[in-house]
Amino acid sequence: MFVATFWLALPLAILELGLRAVERQLGIDERTIAPGAAVFPLDELGYAEDPVLADSARDELRILSLGDSFAESIVEPAATYARHLERELAPRLDRPVRVINLGRGGTSFPGYLHQLDTWHERLGAGAVIVNVYAGNDFDDAGSEIVGPGAAAEVAPASTTRPVTIRTGPGTRVPRRHLLRIADWIHAIWLQRALDPEHAVPAGYRPRTLQMSEGRYLRVQANVARPYREGTLADDPDALASLAGLLERLAALEANGTRTLVFVSPPEVLVSAALRERVRARRPDLGALDPTLPASAVRAVAEQVGYPRPIVDLTACLSAAEQPEAPLYYPRNTHWSLEGNRVVGAILTATIAGAWFPDESPPREGDCLAAPASSPSPPLVLA
């Protein structure tokens, strides 16, 4: 028995070690940012963003936009919600605004913290917004590959030292299994469930894909999990990771940096028609409470002393949903061109009211993201 197990395990071990070596050499690109750089080529570092000057323009409000693929977006960079926010907030405040999109697909709370620690001081940001995608951020919190210094207990990297940025396909395949080869097999299997005949419309990034109807309904049932009672309390590691991020944001607030944390829902929580299709396939889906993820984030925020309200986009997105102009790209999970426009408008009104209430009073047509409700029962951090 032992001999048979050994000869079965040996080829698998060789494949695993070989894959990891190839991934390090070909799948992960490490770029070093030297201290004192005048321009940061964010487009060359894997971001959906233009190069950014280290020094901001006079009176410019610089906002770092953090998040996963919802922040990075499937639309062209000029049509992301970060760019809509930039264009709409500047005239409202009568000052220059630059929103720097640091969204990265496949990341979660540890990655957001790493991006924050890497870029906040280097880019001289006066504000930070964080998009918590309720659909998978809690599940993905322990599965991503980030660069050095990403753990919550590590102090922000000094701008006087070089910093390493990791990009490439190897950073886009989450660590979900004991063997790395299983992660890649899972990623390839997911790609096979996509529709290869789909033609990408204008305004979207190349290779924007659609899932088959059956696959999409299964995905939407899965991303609805955080909206079921008791699920988030069962994931203390994700809550602890979120706490580290919120602690850092609280420290920035204490030093004068404005912040905003908002929670974004999956399409199944916004579209009643999609919910009906999902329930037809998954009658065991159970009751969904649209307030649960934002309430959980609020509970963690209160425990670590984060001072700002946690806001939830669900009500505003649900009010804006129109069948003829869907907010989510069909069978893709991410926001469409219209969705990015609407989110940009919601954030513009919410940020103006939260950060500059005297300079920019509410306007007709504004939809302000609602503060998260009190959690019940309260969550307990590990």
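Is it fair to say Arg308 is out of contact with any helix residue (DSSP H, G or I) (no Cβ under 6 Å at 6 or more places or on another chain), modelled with pLDDT of 95 or more and assigned to a loop (DSSP other than H, G, I, E, B)? Break it down stepwise before answering.
Working: out of contact with any helix residue (DSSP H, G or I) (no Cβ under 6 Å at 6 or more places or on another chain): yes; modelled with pLDDT of 95 or more: yes; assigned to a loop (DSSP other than H, G, I, E, B): yes.
The answer is yes for Arg308.
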Identify, please: which residue in the range 249-293 is farther than 20 Å from Tyr112 by Cα and free of Cβ contacts under 8 Å to residues at least 24 places away in the same chain and is, among those, least open to solvent (accessible area, probe 1.4 Å)?
Ala272
Suppose we filter Ala370, Ala349, Ala382, Ala296 for residues that are surrounded by 15 or more Cβ atoms within 10 Å (Cβ to Cβ), at pLDDT below 95 and in contact with a Pro (Cβ under 8 Å, 6 or more places away or on another chain); which single one remains?
Ala296
Just the residues that are aliphatic (A, V, I, L, M) and either in contact with a Lys or Arg (Cβ under 6 Å, 6 or more places away or on another chain) or within 25 Å of Ala251 (Cβ to Cβ) (or both), please, taken from the range 296-328.
Ala296, Val297, Ala299, Val300, Ala301, Val304, Ile310, Val311
Going through the range 61-96 in order, the residues found to be open to solvent by less than 20 Å² (accessible area, probe 1.4 Å), within 16 Å of Ala127 (Cα to Cα) and not in a helix (DSSP H, G or I) are Leu61, Arg62, Ile63, Leu64, Ser65, Leu66, Gly67
Any idea which of (1) of a type in the set (Lys, Arg); (2) at pLDDT 80 or above; (3) surrounded by fewer than 14 Cβ atoms within 10 Å (Cβ to Cβ); (4) outside any loop (DSSP other than H, G, I, E, B) is the one Arg58 doesn't satisfy?
(4)
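Of all residues in the range 105-141, count the ones that are assigned to a helix (DSSP H, G or I), of a type in the set (S, T, N, Q) and open to solvent by less than 10 Å² (accessible area, probe 1.4 Å).
Of the residues in the range 105-141, 1 are assigned to a helix (DSSP H, G or I), of a type in the set (S, T, N, Q) and open to solvent by less than 10 Å² (accessible area, probe 1.4 Å).
The values are calculated or read from the model by the stated rules, or taken from the named source; none is laboratory data. Because the structure is a prediction, the values reported are computed rather than measured. Glycine gets a Cβ as well: all are built from the backbone with ideal geometry, and neighbour counts include every protein chain shown. We work out accessible area using only protein heavy atoms, side chains counted, and drop any ligands, DNA or RNA first. Shrake-Rupley method; radii C 1.70, N 1.55, O 1.52, S 1.80 Å.
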